[in-house]
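The values are calculated or read from the model by the stated rules, or taken from the named source; none is laboratory data. Keep in mind that this is a model prediction, so the values were computed, not measured. A quick note on method: Cβ atoms are made from the backbone with ideal geometry, for glycine too, and the neighbour counts reach across all protein chains shown. We work out accessible area using only protein heavy atoms, side chains counted, and drop any ligands, DNA or RNA first. Shrake-Rupley method; radii C 1.70, N 1.55, O 1.52, S 1.80 Å.
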Amino acid sequence: MGEKRSAADGGASLAKRALCIGIAIVLIVAAWLGPTPEGLGEAGKMSLALMVAGIFLWVTEPVPVAISGLVIMILMPAFGILEYNAGVWAGFVSSVIFFIMASFGITAALLKTKIPTKIVFALMRLTKGNSRATVLAFMVAAAILSFFISDLPCTALFAGIAVSSILEVEGCEKGSSKLGKALMIGITYASVVGGQAIPSGSAMNIMAMNVLEANTGIAISFLDWTLICMPIALVLLVVCWFSVTLVFKPEPISEKTIACIEKKGKEVGRFEAIDWKVLAVMAVVFSLWIASNWTGWDATAIAVLALILFFVPGIDVLDWREYVAAVSWNIVLLIGCVQSISGGVKEQGAASWLFGSTVGKVALSGTAIVAASAALLPLLRLVIPVGPAFIAISLIPLCTIAGAIGVSPVVFAVIVAVNASTTFLMGVDGNNMLSYRYGYWKMVDFFKAGVIPTVAMVALHATVLMPLVALAGY
């Protein structure tokens, strides 16, 4: 019986995957056979059709997202969108690819150290067992570390520490413990909020900065992004903590658990050579990132320098096998594909046409359009859960219209980048699933806790973002 059930499940899965691929093909064929809208060329129409088909495949994932991205990418010359050598392959490679590859190495190096665990236990000593303060301590620790590593490993690391050091020791029941819900959702939120604050915190920040520069010529420096986004991220972090502890009201932590935490904190021991090496490299790299505001040095080149230093004889923090294992090639390939496809959309003027024929026809002030974008993009993020695709479909048209409404494109770059990496409402997201898998919260819990942070994020983007961008000189 078991074998028959497995075969049936496999058949259903195969049929579903085939159906999704068939729908994507139908979308492309229907666009090809259909009429071309006024003001848009045939190649422009097909660039939008390929992007829509790509988004559908990335959401349903009948094949790995990188593979569907490659398929869409190589179809562009067939519809006259871009040539292979001058457009498709050239559009694939950018500084974003190298930054992401370097960031995986930085993440792997930090995760080999005692630094994350030291941060947690240092903050735990300050909380003295207060459950609300403990949630805040974990969130602050996750946010700080996510300045330097991506949200995925950050959430995985701190969720694992929270389960082993507190929730299991305390005997928190999965699915019903309010402490478990507040702590695990709080860590998930903090990881993405911290990543918003500085460019190195998320690959989506770097990609948005790259798209902005390619489409407008405006380059945001490392320090300027930090000055604009750090205040908003700090407020959001507090709001997220307030929300999870308000919605779930975590129960007190017992003396037994506090004693166990103290014991584990002492067992970690002092920093060893590898810890000091990683700290030294990161101190140099972070200093160079800050200095790039005046030196003009490229943030990606500095990140690549960090990766190189981890392999230098005498430092030897990483070996090649560790690095290769740490790189998510699926993400690297997907981002390259999306860059290439979005380049075709831009080249054919499809993004400008799309936005001009919709929002561009609405007689609204620049401030009103910023507010509308701040409110609508979190909802669009629920429909397009793939960050790179979200940036490609949203930022290019917004950059196009920015000049016409008297708003700096930097404003839209920040809103799009933040929403590309962050959703407080949808638990079914790669980062969020890393804490969901432990079973302490349900999808409805995630949504409940995320309403207040989402409203706060929209309000901050609609009100204080424009003055912060102007203050930075953009």
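Here is a list: Ala363, Ala375. Which entry is open to solvent by 40 Å² or more (accessible area, probe 1.4 Å), over 25 Å from Phe92 (Cβ atoms), of a type in the set (Gly, Ala, Ser) and modelled with pLDDT under 70?
Numbers: Ala375 fails: modelled with pLDDT under 70.
Result: Ala363 is the single residue among Ala363, Ala375 that is open to solvent by 40 Å² or more (accessible area, probe 1.4 Å), over 25 Å from Phe92 (Cβ atoms), of a type in the set (Gly, Ala, Ser) and modelled with pLDDT under 70.
Here is a yes/no grid of residues against (1) surrounded by fewer than 24 Cβ atoms within 10 Å (Cβ to Cβ); (2) over 30 Å from Met184 (Cα atoms); (3) in contact with a His (Cβ under 8 Å, 6 or more places away or on another chain); (4) of a type outside the set (Ser, Thr, Tyr):
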| residue | (1), (2), (3), (4) |
| --- | --- |
| Gly403 | yes, yes, no, yes |
| Val410 | no, yes, no, yes |
| Ala413 | no, no, no, yes |
| Val418 | no, no, yes, yes |
| Gly427 | yes, no, no, yes |
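Test Ala182 against the criterion of being small (Gly, Ala, Ser), under 30 Å from Ala303 (Cα atoms) and touching a residue at least 24 places away in the same chain (Cβ under 8 Å), and give yes or no. Even if it seems obvious, please write down each step before you answer.
Numbers: small (Gly, Ala, Ser): yes; under 30 Å from Ala303 (Cα atoms): no; touching a residue at least 24 places away in the same chain (Cβ under 8 Å): yes.
Judged against the criteria, Ala182 is not a match.
Out of (1) under 19 Å from the mean Cα position of the chain (by Cα); (2) assigned to a helix (DSSP H, G or I), what's the single condition that is false for Thr423?
Checking Thr423 against (1) under 19 Å from the mean Cα position of the chain (by Cα); (2) assigned to a helix (DSSP H, G or I), the one that fails is (2).
Can Leu380 be described as surrounded by fewer than 24 Cβ atoms within 10 Å (Cβ to Cβ), among the aliphatic types (A, V, I, L, M) and closer than 21 Å to Cys337 by Cβ?
Yes: the conditions hold for Leu380.
What number of residues within the stretch 32-45 satisfy the criterion of being free of Cβ contacts under 8 Å to residues at least 40 places away in the same chain and surrounded by 20 or more Cβ atoms within 10 Å (Cβ to Cβ)?
So the answer is 0.
Could you run through the stretch 46-74 and say how many residues are over 23 Å from the mean Cα position of the chain (by Cα) and buried (at least 19 other Cβ atoms within 10 Å of the Cβ)?
5
Of all residues in the stretch 128-147, count the ones that are within 16 Å of Ala162 (Cβ to Cβ) and open to solvent by 20 Å² or more (accessible area, probe 1.4 Å). Full working, then the answer.
Here is the first cut: in the stretch 128-147, the residues within 16 Å of Ala162 (Cβ to Cβ) are 129-146.
Of the ones still in play, those that are also open to solvent by 20 Å² or more (accessible area, probe 1.4 Å) are 130, 132-133, 136, 140, 144.
Final tally of qualifying residues: 6.
Given the conditions (1) out of contact with any Leu (no Cβ under 6 Å at 6 or more places or on another chain); (2) open to solvent by 40 Å² or more (accessible area, probe 1.4 Å); (3) assigned to a helix (DSSP H, G or I), report the number of the one that Phe447 does not fulfil.
The single condition Phe447 does not satisfy is (1).
Have a look at Ile391, Ile396 and point out the one that is buried (at least 22 other Cβ atoms within 10 Å of the Cβ), among the hydrophobic types (A, V, I, L, M, F, W, C) and at pLDDT 85 or above.
Numbers: Ile396 fails: at pLDDT 85 or above.
After applying the criteria, what remains is Ile391.
For (1) acidic (Asp, Glu); (2) out of contact with any Pro (no Cβ under 9 Å at 6 or more places or on another chain); (3) touching a residue at least 40 places away in the same chain (Cβ under 8 Å); (4) not in a loop (DSSP other than H, G, I, E, B), each residue gets a yes or a no:
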| position | (1), (2), (3), (4) |
| --- | --- |
| Ile97 | no, yes, yes, yes |
| Thr107 | no, no, yes, yes |
| Ile119 | no, yes, no, yes |
| Ala143 | no, yes, yes, yes |
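Yes or no: Gly336 modelled with pLDDT under 85, within 30 Å of Ile81 (Cα to Cα) and open to solvent by less than 60 Å² (accessible area, probe 1.4 Å)? Let's see the steps before the verdict.
Numbers: modelled with pLDDT under 85: no; within 30 Å of Ile81 (Cα to Cα): yes; open to solvent by less than 60 Å² (accessible area, probe 1.4 Å): yes.
Answer is no for this residue.
Please indicate, with yes or no, whether at least one residue in the stretch 353-360 is under 23 Å from the mean Cα position of the chain (by Cα) and at pLDDT 80 or above. Spell out how you get there, then give the answer.
Kept after step one, since they are under 23 Å from the mean Cα position of the chain (by Cα), are these residues of the stretch 353-360: none.
No.
Being more than 16 Å from Lys256 (Cβ to Cβ) and open to solvent by 40 Å² or more (accessible area, probe 1.4 Å) is the filter here; which residues of the stretch 162-189 pass it?
Scanning the stretch 162-189 gives Glu173, Lys174, Ser176, Lys178.
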